[in-house]
Structures are given as C-alpha cells and as structure tokens.
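First the structure, in the form of structure tokens, and then the observations on it.
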Amino acid sequence: LSALTSPDLLDILACPDCGGALEELGDKLRCGSCGREYDIKSGIPILFPRAMDLSHLEAEEELADQMKTGLTGKAADFLTKQWDESKVEFWSMVRDRLSPAPATIANIGCGRDARSKALEDAGYRFINLDIIHDSLLMLQDQDGAKRCVVGDICHLPFQPGSLDYLVCIDVIHHECDGLEPILASFKKLLKPGGILFLQDPNSWGMYQIWKSVMMPRFLHRMLRSAYHKMKRSTHQPAEYEFPTSVWAVKRMLRDLGFVKIVAHPHKAYPRTGPVGHRFYSLLARIDWIGRYHNYHYTITAVRDDG
Ligand SMILES: [Zn+2]
C-alpha cells in the first residue's frame, strides 16, 4: 500500500535538489541519486529543496491565512464577483485549448483553487502544487483533489518534459526579482508542444499603471504598506510582492524560445468598483486594452518542438 494518495505521481516527480528520480521507501520518498529523503504528510509529499527560503515560507503561510477570510466591506461583493468571473474566463480559455484526455496538467501555486476536480473527472492527470501544505490538505479533503505536492516554485520537483500543460495563476509576482529562471524551468518541464497558461497581476493594468510603472518601486512599497496599516487591512501583500509587466514577461518568454506567445483579453476587472468597471468595459471594446491593460494579464505560450 502506497503512502502517497496517488502513486501515479511517482513517475513524474523529481528530487528538487538534484533532479534524480524518487522512489517510495516506507512512508517516505527517497532520491535515487543523492539519497535525500522526503516526508509524506497525509498522502502529500513534501518536496522542499535544501536551500528553502524559510522566511518566505512564513510570509506565504501568513498570506494563506488571510485568504481564508474573504474580503469584507461595502465593495467586497462586487470585487469578489469580478474576481470569480476573471477566473471563469481564465479556466474556460484553458479548457478550450486542452487536447482530449489523458494529458498531464500541473497548477503551480494552486492555493485553494478547486477547479482541478472537473478536469480530473474528465480524465486528466491534474497535479496541484503549492508551498502551503494546509491549502493542499483542504483541497484533498474538501474538494477531492487527487494529486497534491508541496514544493517551491524556484525548485520545482518534476521531471523535465513531463507536463503537457502548466498553469500558473497569480504566483510569479511573488518572485518578481527572479522571473527568468522560473519561466525557464516552466519551459524545461513542458513536453515539446506543451502549453504554458500564465496569469499575473499586471503592472500595466489601467488602474495600477500610475503606481506600478510610473512610481519608483521603493516609494510604491512604502505607500502601500502605510495604506494597509492605516486601513488595518486584513489582506496585506508581502513586502516582496509586486505586479509584473505583461511586456517584460512576453519578452522573456520569447527570449527563452517559447513560440505562439499570445496575451488574451479579459472582460472582468477584479480590482475596481462598479463605475471603474463600466469605464473599463467601455475602453475594453478596443481589443488592445482588454489584452494589455486589465488588472491581470493572461498569456499562453507554447514550448517549441525543437
Ligand atoms: Zn536528489
């Protein structure tokens, strides 16, 4: 009997330190190359690298805690609805591009996103990876997610060329100072012809641009932290978070050799009130605005066959 909830994970997992294949050894996983052992907690393997940034893990745990309580206040309902709609737009765009099951999909930094269930039911091998064990445990126990892995986006514990699709939503701005190696590792993990689905808060979003592009970053961080203190905000971003630029990310993907790099338009704008949203909707009739100046950008990119 396997200690893993899904033994079919084993053939795509890899040691986050040396890339070696993993084997089950009692209730642990063991790297066949470097010999390092990894715990399995409640069926979920903990595949942190040796060089794990523990202060970062602590900050992420705090963020995950904040996410457990929804937004509160007058505007919250409208924002939450916009946020959900933006995710619906994203996932229907993904579904439209999947080849028929079976195929392997990984959602990197999945948090509590329970949309894996529908795709699992449709026959896909869907892997949820997150840095927070608690989030995955809830996905597993409450939402029926079958394949969960704890890991660090900077040392992803998968075999090269093992994924047909890689999804990454609202994560890379947590690593904005080290984007290029992360995007390079995404490419390495994809099979030739595999697709990356990437979404992130956009520094060129029409209501963010004045602070995230036109203001120096240190000033933005200072004002942001003062603002959240003043509001006694329950959802405070980590110090290292910063929206990323749709243009910079597209350029990086191109330089890394991805092909068919496309930014997709959005109707929902999840961080503005009803008036702001009406104004956005008006402007987003211009296709360009919907693609490049939404709160989020959503990019698909294909690993070339070469
Ligand atoms: Zn190893």
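Every condition in (1) in a loop (DSSP other than H, G, I, E, B); (2) among the hydrophobic types (A, V, I, L, M, F, W, C); (3) without any contact (Cβ under 8 Å) to a residue 12 or more places away in the chain is met by A118 except one, and the failing one is (1). For R254, state whether it is surrounded by fewer than 19 Cβ atoms within 10 Å (Cβ to Cβ) and within 25 Å of C154 (Cβ to Cβ). The answer is yes for R254.
Reported count of residues in region 7-16, each being more than 16 Å from the ligand (Cβ to nearest atom) and either modelled with pLDDT of 95 or more or crowded, with 17+ Cβ neighbours inside 10 Å (or both), is 1.
Condition check: in a loop (DSSP other than H, G, I, E, B) and either in contact (Cβ under 8 Å) with a residue 24 or more places away in the chain or not acidic (D, E) (or both). Does C110 satisfy that? In short, yes. Condition check for G19 on (1) part of a loop (DSSP other than H, G, I, E, B); (2) surrounded by 15 or more Cβ atoms within 10 Å (Cβ to Cβ); (3) away from the ligand (no atom under 13 Å from the Cβ): one failure, at (3).
Scanning region 266-295 for residues that are assigned to a loop (DSSP other than H, G, I, E, B) and touching a residue at least 60 places away in the same chain (Cβ under 8 Å) yields H266, K267, A268, Y269, P270, R271, T272, G273, H293, N294, Y295.
Residues checked against (1) closer than 23 Å to D77 by Cα; (2) surrounded by fewer than 17 Cβ atoms within 10 Å (Cβ to Cβ):
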| position | (1), (2) |
| --- | --- |
| V262 | no, yes |
| A268 | yes, no |
| G273 | yes, yes |
| H277 | yes, no |
| S281 | yes, yes |
| W288 | no, yes |
| Y292 | no, no |
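Which of the residues spanning region 170-192 are modelled with pLDDT of 95 or more and among the hydrophobic types (A, V, I, L, M, F, W, C)? Scanning region 170-192 gives I182, L183, A184, F186, L189, L190.
Every condition in (1) more than 23 Å from the chain's Cα centre (by Cα); (2) more than 16 Å from the ligand (Cβ to nearest atom) is met by K28 except one, and the failing one is (2). Total residues in region 78-107 satisfying the condition of being of a type in the set (V, I, T) and either at positive phi or not in a helix (DSSP H, G or I) (or both): the figure is 2. What residue, among those in region 33-51 that are of a type in the set (D, E, K, R) and more than 13 Å from the ligand (Cβ to nearest atom), is surrounded by the fewest Cβ atoms within 10 Å (Cβ to Cβ)? Step by step, filter region 33-51, then rank; the result is K41. The residues in region 140-166 that are part of a helix (DSSP H, G or I) and of a type in the set (F, W, Y) can be counted, and the count is 0.
Given the criteria surrounded by 15 or more Cβ atoms within 10 Å (Cβ to Cβ), within 13 Å of the ligand (Cβ to nearest atom) and outside any helix (DSSP H, G or I), does L4 qualify?
no
With respect to the conditions (1) among the hydrophobic types (A, V, I, L, M, F, W, C); (2) without any contact (Cβ under 8 Å) to a residue 12 or more places away in the chain; (3) near the ligand (Cβ under 10 Å from one of its atoms), L54 lacks only one, and its number is (3).
Cβ-Cβ distances below 9 Å connect the following pairs, each with a first residue in region 23-48 that is over 20 Å from I131 (Cα atoms), a second residue that is of a type in the set (S, T, Y) and more than 10 Å from the ligand (Cβ to nearest atom), and a separation of six or more residues or different chains: E24/S2.
The values are calculated or read from the model by the stated rules, or taken from the named source; none is laboratory data. Please read all numbers here as calculations on a predicted model, not as lab measurements. Here the Cβ is made from the backbone with ideal geometry for all residues, glycine too, and neighbour counts use every protein chain on show.
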